[in-house]
Amino acid sequence: MLDITKYIKMELSGQEFCGENFHTNPDIDKLSTEEKKEIISKIKPHLTPEAIVLAQVDPIVGDIEYNFNKAKKYIEWANELKVGAIAFPELFLFGYPVFDIIDRYPKLVEKNIEYLEKLAKCTGKTKVLIGFCEFNRFYIGKRYFNSVAVLSNKKIETIIRKTLLPVYSEFNDARYFQSAEFDSKERIIEIGKMRAGIVICEENWADKDFFDHPVYSFDPVDKIIKEQNPDIIINCSSSPTRAKKEQLLHNMLSFVSKKYETPIAYVNQTGAVDNITFQGASRLYSAKGEIMARAKSFEEQFFIVQPNPKPSCSKDINCIYTLPQGLEKTLNSQKAFSLDYEPDLERTYLTITSSIRDYFHKNGFKRAVLGVSGGLDSSVSCVLLADALKSENVFAVSMPSSITSEQSKSDAQELCANLGVNFTEIPIFDMFKAARSTFDGVFEKVETRWQDRFKASLTNDNIQARSRAMILWGISNEFPNTMPIATSDKSELYMGYATINGDMSGGFAPIADVTKTKLFALARWLNKNRLQRNAIPEAVLIKPPGAELAIDPKTGKPLLAEDALMPYEFLDEVIWRLENLHQSKEEMLCETFLYEEKNNISKATKIAWLDKFFRRMQTALFKWSIMPPAPIVDARSINKTEYNQPITSKLKFY
């Protein structure tokens, strides 16, 4: 976010400024009256009566007063600049997504309406479009409408109610909201000399010519344009980020604006709510489908756009901020599995760090404690936490057992020294011996009644993992505002290769939607692109992954993960094919995997790996259900916010 104090100094010193200097954090409390007047006098000459502020903001769900105060500041700044309109994201005043709290706490809906009326009294000639939750007074259907209020001149001018309600992936709008009847005339507002048609998020995603299999039979944009011929479409959105989403969003908005020869302004929220992260990147497309302006990604921003800039103005305020590195080059990429993750690594990094930051701060946490094993998962998690929360707020604990190698211990210590996070080593030998001794007595007693005891079990493995979790939870119990972190990755969660109440245990799971091959790529990206280079030791990046919980009887060394599972390159393509192409085991057998192009494997081996995948995935369902909150990163996910499968189910696919 542009530093307001640097901005003030630049403006007041008369330095040259470009489009990006118009887009600031409108924290007007920091400005004196004279400073404010000076800045306004610099900006206003470049604005037309049709200028629109895209208020790219980060609300807190249910904290109506917080959201009101934030909106009030943005509106005050917009009023001072005398822009034509300011548009906020979908459901901003209540906070999005609403989940079930609107049913449990209808008083919150009353409060968001009360504050909407207060907000209306703060308005002047500038039109304010703001999302809120409205009661359905028709007494038929769901109790609420997902609505946008149009405010100006100290009153509520009109209310626009959402018609298309998504019920896929992480969206569940139809669970709470009633689909409104559509009247194109009610969607038109005046902004200066411009007639704007208003749509709410999903209502822009119904073009039959763009989508091969449209979800909806009705297209609000088509209806508005054909019946009302507006000069611009304004979309008030709350659209989460995920892999390939930016590509789809850009191509869809570009296609629709060009198809109808009508500019589209799109405002999106930023920040994160539990598993869902919002990129922001609000934007404006021309009638030719060309990007005219785009806000920053993953930051709040007071973003001014002009559909029709002044021809005589030497300073074009429309600014195109860059997307996360790599996305721009892949806007037209096709759906295919690839181990080249480079185009999505910065977005992945920003998604996870934004999610960590918001989850901690909005829930009153400040510090994180995690186990560092010297392996990939904990190393990447530690870097992400240090960047999101600052190094001094991260405590990393190495908890070696008798199986832990000296290399792993030194790698963990080196990582933490590189990052400047707090570090200590706490061996778990004594905890393991005490637990094992107690268990032996217990098992002997149980065995007197149940004689079918396993000859080989995972008890020793799990004692180690759960001992470590106990230490982390103990630290969080003893020190305020401290959250333990789960470090399981997506590949191993699919296979159930994680311990309940062990490495799965924590208050947040930053990498649970990142596959192992992508995690390796992300680790190398972090080493190359962070200000502090090579924080993750090279030894971590070249060693084969392994939990160091058990000895492999074949080698006499700690069991490697790929020996217990299958090669990660193969495993991650199975996951991708299942999630994105919905292929069965039989269909996958007929496909040539990238791994097969580089390695000679028999058909019997491939069948065995696929059998193992589907068998273990079925038994891992319970583990998925108890994972702590984790940011959704991939195009598709097993995150319970998106995907639900009955634990009590048996699918005949293996």
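The values are calculated or read from the model by the stated rules, or taken from the named source; none is laboratory data. Being a predicted model, the structure only gives us computed values, none of them experimental. Using ideal geometry, Cβ is built from the backbone for each residue, glycine included, and neighbour counts are taken over all protein chains shown. These area figures cover heavy atoms from the full protein model, side chains too; ligands, DNA and RNA do not enter into them. Shrake-Rupley method; radii C 1.70, N 1.55, O 1.52, S 1.80 Å.
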Determine whether region 582-591 contains at least one residue that is within 25 Å of ALA388 (Cβ to Cβ), assigned to a helix (DSSP H, G or I) and open to solvent by less than 60 Å² (accessible area, probe 1.4 Å).
no
How about region 404-430: which of its residues are buried (at least 19 other Cβ atoms within 10 Å of the Cβ), closer than 21 Å to LEU560 by Cα, out of contact with any helix residue (DSSP H, G or I) (no Cβ under 6 Å at 6 or more places or on another chain) and of a type outside the set (S, T, N, Q)?
ALA412
TRP609, sole failed condition from (1) surrounded by fewer than 16 Cβ atoms within 10 Å (Cβ to Cβ); (2) touching a helix residue (DSSP H, G or I) at 6+ places or on another chain (Cβ under 7 Å)
(1)
Cβ pairs under 7 Å, 6+ apart, first in region 217-242 and in contact (Cβ under 8 Å) with a residue 60 or more places away in the chain and more than 30 Å from PRO324 (Cβ to Cβ), second buried (at least 24 other Cβ atoms within 10 Å of the Cβ) and of a type outside the set (Asp, Glu)
ASP231/ALA196
Residue that is nearest to VAL267 (Cα to Cα), among those in region 79-119 that are in contact with a Phe, Trp or Tyr (Cβ under 9 Å, 6 or more places away or on another chain) and hydroxyl-bearing (Ser, Thr, Tyr):
TYR96
Is there a residue in region 243-261 that is open to solvent by less than 10 Å² (accessible area, probe 1.4 Å), more than 17 Å from TYR321 (Cα to Cα) and over 24 Å from the mean Cα position of the chain (by Cα)?
yes
Test each condition in (1) in contact with a Lys or Arg (Cβ under 6 Å, 6 or more places away or on another chain); (2) more than 25 Å from THR404 (Cβ to Cβ); (3) in contact (Cβ under 8 Å) with a residue 40 or more places away in the chain for GLN583 and report the one that comes out false.
(3)
Do any helices (runs of 4 or more DSSP H) lying entirely in region 413-510 carry at least 3 residues that are more than 27 Å from ASP358 (Cβ to Cβ) and hydrophobic (A, V, I, L, M, F, W, C), and which ones are they?
429-447, 459-478
GLY374: open to solvent by 40 Å² or more (accessible area, probe 1.4 Å), over 19 Å from the mean Cα position of the chain (by Cα) and at positive phi, yes or no?
no
Say we look at region 377-403 and pick out the residues that are out of contact with any Gly (no Cβ under 8 Å at 6 or more places or on another chain) and assigned to a strand (DSSP E or B); which of these is most open to solvent (accessible area, probe 1.4 Å)?
PHE395
Can you find a residue that is surrounded by 18 or more Cβ atoms within 10 Å (Cβ to Cβ), under 39 Å from the mean Cα position of the chain (by Cα), more than 21 Å from ASP503 (Cβ to Cβ) and not hydrophobic (A, V, I, L, M, F, W, C) anywhere in region 461-482?
no
In region 8-38, which residue that is over 20 Å from ALA293 (Cβ atoms) and of a type in the set (A, V, I, L, M, F, W, C) is modelled with the highest pLDDT?
LEU31
In region 349-371, which residue that is touching a helix residue (DSSP H, G or I) at 6+ places or on another chain (Cβ under 7 Å) and hydrophobic (A, V, I, L, M, F, W, C) is surrounded by the most Cβ atoms within 10 Å (Cβ to Cβ)?
ALA368
Just one of the numbered conditions (1) of a type in the set (Val, Ile, Thr); (2) surrounded by fewer than 16 Cβ atoms within 10 Å (Cβ to Cβ); (3) in contact (Cβ under 8 Å) with a residue 40 or more places away in the chain is not true of VAL514; which one?
(2)
Can you name the residue in region 161-174 that is in contact with a helix residue (DSSP H, G or I) (Cβ under 9 Å, 6 or more places away or on another chain) and not in a loop (DSSP other than H, G, I, E, B) and is also least open to solvent (accessible area, probe 1.4 Å) among such residues?
ASP173
In region 496-524, which residues are at pLDDT below 95 and aliphatic (A, V, I, L, M)?
ALA498, ILE500, MET504
Pairs returned, first residue in region 325-342 that is farther than 20 Å from GLU579 by Cα, second residue that is open to solvent by 90 Å² or more (accessible area, probe 1.4 Å), beta-carbon separation under 8 angstrom, 6 or more apart or interchain, are GLU328/THR322
Of ILE647, ILE601, ILE638, ILE575, the only residue that is open to solvent by 50 Å² or more (accessible area, probe 1.4 Å) and among the aliphatic types (A, V, I, L, M) is ILE647
If I filter region 347-357 for residues that are at pLDDT 95 or above and of a type in the set (Lys, Arg), do I get at least one hit?
yes
Could you grab me the full set of residues in region 31-57 that are in a loop (DSSP other than H, G, I, E, B) and open to solvent by 20 Å² or more (accessible area, probe 1.4 Å)?
LEU31, SER32, PRO49, GLU50
Determine, yes or no, whether LYS528 is open to solvent by 20 Å² or more (accessible area, probe 1.4 Å), at pLDDT 90 or above and out of contact with any helix residue (DSSP H, G or I) (no Cβ under 9 Å at 6 or more places or on another chain).
yes
